[in-house]
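Report on one structure; see the data block that follows.
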Amino acid sequence: MKLPTPTEMASLEQRALEAASVTVAALMERAGARTADVARRLLEGRGGRHVVVLAGKGNNGGDGLVAARDLAGDARVTVMLAGPAAELGGGPAAHLPSVRERHIPVIEATGLSPAEIDAALRGCDLIVDALFGTGFHGPARGVPAELIEAADRSGTPILAVDVPSGIDAATGAAERPVIQAAATVTMGLPKLGLVQYPAAACAGRLFVADIGLPEEIVDEAPIRSEFIRAAWVDRAFPRRRADGHKGTYGHVFVVAGARGFTGAAVLAARGAIRGGAGLVTVALPESLVTVPTASLPEAMALPLPETGAGTLSEAAEGVIREAVSAVDGRRPAVVAMGPGLTTHPEVVAVVRRLLPSLGGPIVADADALNALAGNIAPLREASGPVVITPHPGELARLMGSSIGEIQRDRVEAARAAAASVRAVTVLKGARTVVASPDGRVGIVPNGNGAMATGGTGDVLTGVVAALLAQGLPPWEAAVCAAYLHGLAGDLAAPGELGLLSHEVADAVPRALRQVRAGSVDEGITDVR
């Protein structure tokens with residue numbers, strides 16, 4: 001599902017207006033009708049049927065007025081305008097007369113006190129938020145801000161039209177005040193900012209409304225971001241062959257671990273095994289070599305020369321290169337490097353020399369990225385495909401930025417990093433972003449707060465490596481791995497907390513099974 005920015009959505013709609021004889025009036029009629037349809041769904045079972053529509057001056061307000069008119073036969077509707085009726089323009093002005101013709105009360109909020117606004121909302125069963133649309137940049141001020149605050153404190157469920165008022169539909173920023181919606185009916189396609197945090201936390205359940213945009217125009221639109229859904233993963237992930245064997249599904253070398261950080265290596269290896277790699281070898285300092293074999297007997301172990309501090313020594317470089325090159329399989333071995341390595345000077349030297357010289361696919365995470373802070377050349381010089389899997393702090397260090405800058409616009413941060421590093425970039429966090437060097441971006445919808453614990457990222461590193469080992473191209477491997485990893489976390493989480501990282505790895509096969517069965521609830525409903 002494509003995720004346009006407001007500018008891209010406006011361009012798509014303009015193309016529809018020019019090429020398909022679609023009119024602005026028709027789009028607004030359909031948007032209002034779909035909003036009314038969703039409002040009826042939300043009212044089912046609530047007993048009461050009183051709806052208050054908060055309408056702004058722009059086209060979003062016009063959508064709300066059409067919805068008010070369409071709901072009039074099924075509910076008691078009140079319209080509250082954010083400004084004087086005389087100042088309405090375009091769509092809102094065109095639809096206000098039809099609202100009045102149906103004897104729907106219209107209240108102008110200008111001049112009302114907060115107590116009077118509260119009284120107007122008191123006792124209603126649903127609030128329709130049609131104040132601000134996709135062109136809004138916060139924070140809200142004046143009467144619209146007062147209406148947003150009143151709607152939120154009313155305790156009444158809110159249905160947002162297109163996007164919750166107060167969010168930035170391009171970046172996902174949400175400066176207070178902002179509508180806290182129970183549901184959002186978004187027109188045509190979800191907007192890029194709507195599915196990113198913090199805005200995503202304001203949207204509630206997402207309804208995607210068909211407003212009559214021709215499918216061929218949507219398909220041809222040059223929109224670079226997309227919302228990853230289970231059906232996409234099902235198509236991208238090849239079926240397991242009945243006559244396959246361990247050599248069919250590749251060999252992953254996990255180069256990880258140091259004294260005190262062996263768990264990271266084991267978790268990455270566990271992720272690779274659960275992700276379907278045919279063979280997994282854990283390469284780590286020789287004094288620690290019994291740890292993975294004792295806790296994960298399915299993995300092999302490769303002892304590496306170490307320093308007195310229990311980290312890889314520079315002599316480990318040659319051993320790793322020789323072991324990886326000796327793999328005789330259908331495709332080159334995949335090297336997953338970084339979890340728990342530390343940034344000991346000799347580790348940094350090994351990482352910087354190995355990355356450009358390994359010919360096969362590489363997954364670089366954690367300390368492999370920290371070793372490159374301020375020097376991305378080894379990644380750019382790699383001869384094989386590279387996927388990096390940073391959290392915001394690691395990406396900030398790698399790119400010489402700050403966590404605040406990364407989080408301010410995660411999509412653009414990941415896209416810029418992928419282009420600069422020339423590697424598929426998996427920016428971890430709530431709504432993981434996967435960016436390709438060519439500018440393509442996928443946003444993963446699943447995952448939960450219980451996954452915010454040490455080791456879940458190491459598991460993801462292993463899963464990405466496993467999918468590369470099975471022959472998926474870097475973009476597809478990273479997207480499928482991130483999706484299955486997030487879904488596995490949802491399936492394994494015992495509640496808001498207490499999730500163990502190895503439980504995420506162990507739930508990956510179950511996540512794929514749900515994807516294959518088409519039984520994943522992604523919180524999205526199509527409305528036609």
Quiz prompt | Only one of G318, G308, G329 that is part of a loop (DSSP other than H, G, I, E, B), free of Cβ contacts under 8 Å to residues at least 12 places away in the same chain and surrounded by fewer than 18 Cβ atoms within 10 Å (Cβ to Cβ) | solution = G308
Quiz item: Hey, which of the strands (runs of 3 or more DSSP E) in region 177-268, taking only ones fully inside, have at least 3 residues that are touching a His at 6+ places or on another chain (Cβ under 6 Å), on the phi < 0 side of the Ramachandran plot and without any contact (Cβ under 8 Å) to a residue 40 or more places away in the chain?
Solution: none
Quiz prompt | Checking G489 against (1) touching a residue at least 60 places away in the same chain (Cβ under 8 Å); (2) more than 30 Å from A377 (Cβ to Cβ), the condition it does not meet | solution = (1)
Quiz prompt | T78 in contact (Cβ under 8 Å) with a residue 24 or more places away in the chain, among the hydroxyl-bearing types (S, T, Y) and within 22 Å of R122 (Cβ to Cβ) | solution = yes
Exercise. Identify, by number, the condition in (1) loosely packed, with under 15 Cβ neighbours inside 10 Å; (2) assigned to a helix (DSSP H, G or I); (3) not hydrophobic (A, V, I, L, M, F, W, C) that R46 doesn't meet.
Key: (2)
Practice problem: Could you give me the residue pairs with C-beta distances under 9 Å whose first residue belongs to region 514-528 and is closer than 13 Å to V233 by Cβ and in contact (Cβ under 8 Å) with a residue 60 or more places away in the chain, whose second residue is of a type in the set (D, E, K, R) and part of a loop (DSSP other than H, G, I, E, B) wherever it lies, and which are 6+ apart or on separate chains? | Solution: R516/R239; V520/R229; E522/R229
Exercise. Would you mind stating whether I403 is modelled with pLDDT of 95 or more and surrounded by fewer than 20 Cβ atoms within 10 Å (Cβ to Cβ)?
Key: yes
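Results for (1) at pLDDT 95 or above; (2) surrounded by fewer than 17 Cβ atoms within 10 Å (Cβ to Cβ); (3) in contact with a strand residue (DSSP E or B) (Cβ under 9 Å, 6 or more places away or on another chain), shown as yes or no for each residue.
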residue: L121; (1), (2), (3): yes, no, yes
residue: G133; (1), (2), (3): no, no, yes
residue: V161; (1), (2), (3): yes, no, yes
residue: A182; (1), (2), (3): yes, yes, yes
Exercise. Inspect region 431-440 for any residue being over 25 Å from L279 (Cβ atoms), in contact with a Leu (Cβ under 7 Å, 6 or more places away or on another chain) and surrounded by fewer than 18 Cβ atoms within 10 Å (Cβ to Cβ) and give the result as yes or no.
Key: no
Exercise. Could you check, for region 379-392, whether at least one of its residues is touching a residue at least 40 places away in the same chain (Cβ under 8 Å), in contact with a Gly (Cβ under 7 Å, 6 or more places away or on another chain) and either surrounded by fewer than 22 Cβ atoms within 10 Å (Cβ to Cβ) or of a type in the set (D, E, K, R) (or both)?
Key: yes
Practice problem: Mind telling me which of the residues A430, A417 ends up being under 24 Å from D458 (Cβ atoms), in contact with a helix residue (DSSP H, G or I) (Cβ under 8 Å, 6 or more places away or on another chain), part of a helix (DSSP H, G or I) and small (G, A, S)? | Solution: A417
Quiz item: So how many residues does region 60-119 have that are within 23 Å of G155 (Cα to Cα) and of a type in the set (K, R)?
Solution: 1
Practice problem: Count, please, the residues in region 458-507 that happen to be touching a Phe, Trp or Tyr at 6+ places or on another chain (Cβ under 9 Å) and either part of a loop (DSSP other than H, G, I, E, B) or hydrophobic (A, V, I, L, M, F, W, C) (or both). | Solution: 10
Quiz item: Is it true that some residue in region 108-123 is small (G, A, S), assigned to a helix (DSSP H, G or I), under 14 Å from L54 (Cα atoms) and in contact (Cβ under 8 Å) with a residue 24 or more places away in the chain?
Solution: yes
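The values are calculated or read from the model by the stated rules, or taken from the named source; none is laboratory data. Quantities reported herein were computed from a predicted structural model and do not represent experimental measurements. Because the Cβ atoms are built from the backbone with ideal geometry, glycine has one as well, and the counts that use them run over all protein chains shown.
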